[in-house]
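The values are calculated or read from the model by the stated rules, or taken from the named source; none is laboratory data. Predicted, not measured: the structure shown is a model, and the values here were computed from it. Please note: Cβ atoms are built from the backbone with ideal geometry, for glycine as well, and neighbour counts cover all protein chains shown.
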Amino acid sequence: MLKYVIFDFDGTIADSRVVFVSAWNEIAEKYHFKKMKLAELENMKKLTIRERCKMLDFPMYKIPIFIPQLYKLYRQSINDLLLYDGMKDVLNELNKKGYKTAIISSNSEENIKLFLRRNSIENVTDILCSSHIFGKDKLLSKFLKQKQLDTTEVIYVGDEQRDIIACKKAGIKIIWVTWGYDSIEVVQSEEPDYKASLPGEIMQLI
């Protein structure tokens, strides 16, 4: 029986495209990487993380080094962060139906809490974060252990290929959402369990 619905943050609940591009371009300016334009993100959705790093002249092995700096700059523009239309309704509806909701993200807990407060979202019970963008399966397993949950008692909602890979490693089913950072071309080989093209479809799948 399902008890928890766990959400990714960026690209799933929060539309962070403008904030992310702004933060990245500050880093690119300082360290001489390639800047990006907001209009380029749609095409970048079709690229893997490795391909995006190559496009931006950014060594992939440096991701863990720059993630804290990126999210610090991100926090400075957090007022520009948008809530995807319909996602607050989904969170409220899940709460009404008795499901608990959590967020597991590679963003910072401080950024997420600021965003939730600003949007008057009060029904997210747990937030787990890690700066290791490929270590989400460990966070999922940690969450299950802490809450004494079986893998069948949770489902994850996320937008990226790495979310699907992490869920498969942790033995958790995932709803992949189409409005985030990865396109179908990137994720289809990982075969997500479910697909939602609109926030309202999440409720139909649960």
Mind listing whichever residues of segment 134-153 are of a type in the set (Ser, Thr, Tyr), under 14 Å from residue 1 (Cα atoms) and surrounded by 14 or more Cβ atoms within 10 Å (Cβ to Cβ)?
151
Determine if segment 145-157 includes at least one residue that is outside any loop (DSSP other than H, G, I, E, B), under 13 Å from the mean Cα position of the chain (by Cα) and modelled with pLDDT of 95 or more.
yes
Among the numbered conditions (1) surrounded by 14 or more Cβ atoms within 10 Å (Cβ to Cβ); (2) assigned to a loop (DSSP other than H, G, I, E, B), tell me where residue 46 comes up short.
(1)
Residue 121 passes all but one of the listed conditions (1) more than 22 Å from residue 85 (Cβ to Cβ); (2) assigned to a loop (DSSP other than H, G, I, E, B); the exception is number (1)
Every residue from segment 1-22 that is within 19 Å of residue 127 (Cβ to Cβ) and either surrounded by fewer than 18 Cβ atoms within 10 Å (Cβ to Cβ) or among the β-branched types (Val, Ile, Thr) (or both):
3, 5, 6, 12, 13, 19
